[in-house]
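Enquirer: My questions all concern the structure below.
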């Protein structure tokens, strides 16, 4: 289904998979009329990470206000909404249920379709919002706190997983190393910031490329190497240069992500790579992948920072394409915390 087949579809989208309460209104899938995000970073920062119970309670407090604000900013009424799109997985089950329950109530009250959306699928669709001319097929490098995947998007809603993490996701490794370095939550942006002050070549941390021809990822060995380096320094009473460690660690992650994506694109004959997920906001990843894509004559697409992190606009875009292809979720749709790509 191509963009030109849309005709004044108004999507109300809800995203509450983790610690952002977000609601967006879109026209025809790619035109964002509003994208409101209520962040919970300050609430979770004191704990050093997301506390599921706290996240769920804040979603309950925020959801109605965020819905009303999104409609007001879009200058759209409930009666003008064509369908409701909402994240139903993966994510924190309590958080997911808040957004899902709100979406069901709206769909039932207005007697309009409900479209459940896979959160990871939503991240891929953020690229369609940024580039109205973008069409499948393309290769997507999905990098987030819980996922590191190389996915071939053959068509809207049609995917083939080419590679995935065998242990820690890249974003998870960023968060754990940030915590070990004494950086505040969220760890990814803090590592990115600190790395700019350090020497990326100061420490030679391992790069796990795995067996020849594999497009899977593994970051547990790298994480252990960094932790061992820190422990060794502390036991010997040696100075710890946090900036150098952050830069060297980040370089090891980014290099593997970049080289595997490039190699996969070349082998499959795909000339477009799209970044997706929260780690897509990492400046070093964007810079290195941009340079390598330019060298290999591959087109690189990535969302703006606001659309890289969790937001409802990307969920609305994915949900709109499900709607126009005739998919509809039933009102007994449940949250699935471990939902896999291709299942949503």
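The values are calculated or read from the model by the stated rules, or taken from the named source; none is laboratory data. A quick note: this is a predicted structure, and the numbers were derived from the prediction, not measured. No Cβ is skipped: glycine too gets one built from the backbone with ideal geometry, and neighbour counts run over all protein chains shown.
Enquirer: Which number in (1) under 19 Å from residue 284 (Cβ atoms); (2) surrounded by fewer than 13 Cβ atoms within 10 Å (Cβ to Cβ) marks the one condition that residue 257 misses?
Expert: Unmet condition: (2).
Enquirer: Give me the strands (runs of 3 or more DSSP E) completely within segment 95-177, filtered to those with at least 3 residues that are outside the structural domain of residue 26 (by TED's automatic domain parsing) and either in contact (Cβ under 8 Å) with a residue 24 or more places away in the chain or buried (at least 20 other Cβ atoms within 10 Å of the Cβ) (or both), ordered by residue number. Before the answer, list the steps.
Expert: On the way: elements: 114-118, 138-143, 148-155, 158-164.
It comes to 138-143, 148-155, 158-164.
Enquirer: Which pairs do you get when a residue that is outside the structural domain of residue 263 (by TED's automatic domain parsing), found in segment 209-225, comes within reach of a residue that is assigned to a loop (DSSP other than H, G, I, E, B), reach meaning Cβ atoms under 9 angstrom, with the pair 6+ apart or on two chains?
Expert: none
Enquirer: Kindly indicate the residue of segment 236-269 that is at pLDDT below 95 and touching a helix residue (DSSP H, G or I) at 6+ places or on another chain (Cβ under 9 Å) and also nearest to residue 124 (Cα to Cα) among those meeting that condition.
Expert: Within segment 236-269, the match that is nearest to residue 124 (Cα to Cα) is 240.
Enquirer: Got a number for residues in segment 252-299 being assigned to a helix (DSSP H, G or I) and either within 22 Å of the chain's Cα centre (by Cα) or more than 20 Å from residue 134 (Cα to Cα) (or both)?
Expert: Number of matching residues: 31.
Enquirer: Among the residues of segment 143-186, write down those that are over 15 Å from the mean Cα position of the chain (by Cα) and within 19 Å of residue 17 (Cα to Cα).
Expert: Selection gives 185 alone.
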